[in-house]
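So the structure is just underneath, and the comments pick up after that.
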Amino acid sequence: MNRFFKLCTGVAASVMLMGTIVVTGVGGAGVASASGSLAPIKVGVVCSCTGPLSSSIIVGPPAYQAWADYTNAHGGIDGHKVQVIEVNDDYNPATSLSEVQKLVSSDHVVAIVDSSDVDAAWSKYVTSAAIPVVGGGSSGELEDTDADWFAVGQTLDDYFINFIDAAKKVGASNIGEFYCAEAATCQEGVAPFEATAKKVNEKVGYVTQVSYSAPNYDAQCIAAKQAGVEALTVADAVAVVESVAADCVKQGYTPWQIALDGAVGQSFLTAPGLENHFIGSEPNIPFFADSTPASKLMNATLKKYADATTLKSPNYNEQATQMYVSGLMLTAAVQGSGAGSSKTITSADIKKGLYAFHNETLGGMAPPLNFKKGVPNPVDCWYWIRIQSGKFTTPYGVKPVCVAPPKIS
């Protein structure tokens with residue numbers, strides 16, 4: 001729902017993935033050879049890294065590559081180097097399917113990492129090929145409905161109760177939603193949002209769609225204000241969330257803003273209308289956290305191996321964390337499979353390791369993960385965040401809150 005972003009900016013241009021790029025080993029140059037007689041683990045990263053919704057999602061693939069570079073510099077996974085093959089589908093379903101088919105049939109990847117906004121185009125194909133989708137973003141419908149999608153953090157089914165709980169945290173009894181006009185997933189989220197609110201007796205005062213290309217959001221802000229909306233979630237790009245907040249301020253309207261995952265960005269700290277009026281959540285340990293050994297290692301790894309433009313981007317956000325943690329999940333799966341000494345790691349080995357997860361938190365970087373064979377495995381946990389005194393904070397701690405969404409008949 002929140003993987004919706006505007007066109008890539010010049011800040012991110014140096015890490016744009018135009019077509020297919022093979023990047024492996026320390027520094028991301030060339031193709032890593034296997035360690036001794038052990039074959040590399042080939043992983044495909046599929047990204048909608050250009051197109052109308054890309055500005056925030058583009059920080060994710062460099063973080064995955066940084067994890068791979070660090071891992072390879074430290075001996076790989078049980079001696080197997082990680083070979084990352086990144087493809088850009090340009091937010092085009094036909095291109096996305098074609099690129100994934102090449103990854104499977106020509107490059108022989110054993111896992112896919114999903115950073116695509118048009119993944120429905122190839123979901124049936126990877127299922128038929130028995131290729132697991134190991135992490136990436138977790139805000140699409142497939143993480144809730146497809147048994148071969150293994151989410152690394154909070155999934156879409158839990159977003160709606162999350163929004164409502166956020167409103168309650170700040171004492172708001174009337175909530176509203178502006179949802180993106182560019183993607184079907186945004187529209188599909190409206191009905192469950194309203195149904196969840198009704199189930200828990202929370203008032204939804206105003207719901208409307210918005211376009212990232214709109215000149216302003218004055219009319220929507222005025223309508224939400226007149227409807228008495230006290231907390232507003234904008235299911236769109238970071239840039240749109242900021243524009244809505246700024247336009248609402250111009251109308252003398254400063255509701256609490258609620259956002260999560262890729263709809264939160266570093267630039268929120270200086271955006272009008274968001275200072276001390278923002279509460280949100282993240283699917284994994286928050287991207288700004290640096291209070292645990294595992295998060296300290298992540299930040300050090302990204303600082304050393306990721307492109308500087310990634311870390312300095314105003315849109316730097318949780319997508320980077322989710323991609324890095326997706327690498328940790330692959331490591332744990334391979335190690336848990338017991339196949340590390342095999343010459344070749346297979347997709348079946350990775351699935352076996354994932355099915356062995358029992359409240360796996362990947363060193364505290366993820367909520368408890370449990371995967372059962374043959375059924376979808378949604379993750380109904382999140383981490384609270386706020387903006388307070390010009391800084392992102394975790395006022396309720398860095399441990400996940402797990403709340404199962406109510407059943408909607």
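A few remarks follow.
- Restricting the calculation to Cα atoms, the stretch 68-166 yields a radius of gyration followed by a Dmax of 15.2, 46 Å.
- Label zone of Asn216 (point 7 Å out along Cα→Cβ, amide N under 20 Å): in the stretch 244-266 this covers 244-255.
- Packing rank of 312-322, 90-100, where each peptide gets the mean count of other beta carbons within 10 Å, highest leading: 312-322, 90-100
- Efficiency of FRET from Cβ geometry, Lys203 and Tyr396, R₀ 30 Å, rounded to 0.05: 0.80
- Accessible surface of the chain, 1.4 Å probe: 54 percent of it comes from carbon and sulfur atoms.
- Environment charge at Asp146 (Cβ cut-off 14 Å; Lys +1, Arg +1, Asp -1, Glu -1): -3
- Note that the stretch 239-349, at 37 °C in a medium of 0.692 mPa s, gets a Stokes-Einstein diffusion coefficient of 201 µm²/s from its Kirkwood radius over C-alpha pairs.
- Net lengthening on full extension, Lys304/Val249 (0.36 nm per residue, minus Cα-Cα): 15.9 nm
- Net charge, Ile387 excluded, C-beta distance under 15 Å - Lys, Arg +1, Asp, Glu -1: -1
- Over the chain, accessible surface divided per residue gives 36 Å², non-protein components excluded, 1.4 Å probe.
- Dimensionless Rg/Rh of the stretch 284-409 - Kirkwood Rh, Rg from C-alpha atoms: 1.02
- Compared with the dominant principal axis of the Cα atoms in the chain, helix 238-250 is inclined by about 10°.
- With a Förster radius of 25 Å applied to the beta-carbon distance between Val375 and Ser128, the computed FRET efficiency rounds to 0.90.
- Model label points for Thr346 and Ser389, set 7 angstrom from Cα along the Cα-to-Cβ axis, are 5.7 nm apart.
- Against the chain, whose longest principal axis is taken from its Cα atoms, helix 60-73 shows a tilt of about 30°.
- Within the stretch 384-405, backbone nitrogen closer than 12 Å to the virtual label 7 Å beyond the Cα of His74 toward Cβ: none
- Average 1/r across all pairs of distinct alpha carbons in the chain, invert it, and you get the Kirkwood radius: 21.1 Å.
- FRET efficiency, 1/(1 + (r/R0)^6) with R0 25 Å, evaluated for Ala184 and Ala94 via beta carbons: 0.95
- Count Lys and Arg as plus one, Asp and Glu as minus one, and take only other residues whose Cβ is under 11 Å from that of Phe371; the net charge is then +2.
- Cα-based helix-to-principal-axis angle, 190-199 vs the chain, degrees rounded to 10: 70 degrees
The values are calculated or read from the model by the stated rules, or taken from the named source; none is laboratory data. Predicted, not measured: the structure shown is a model, and the values here were computed from it. Neighbour counts are summed over all protein chains in view; Cβ atoms, including those assigned to glycine, are modelled from backbone coordinates with ideal geometry. Side chains are part of the model used for accessible areas, which takes the heavy atoms of the whole protein and leaves out ligands, DNA and RNA. Shrake-Rupley method; radii C 1.70, N 1.55, O 1.52, S 1.80 Å.
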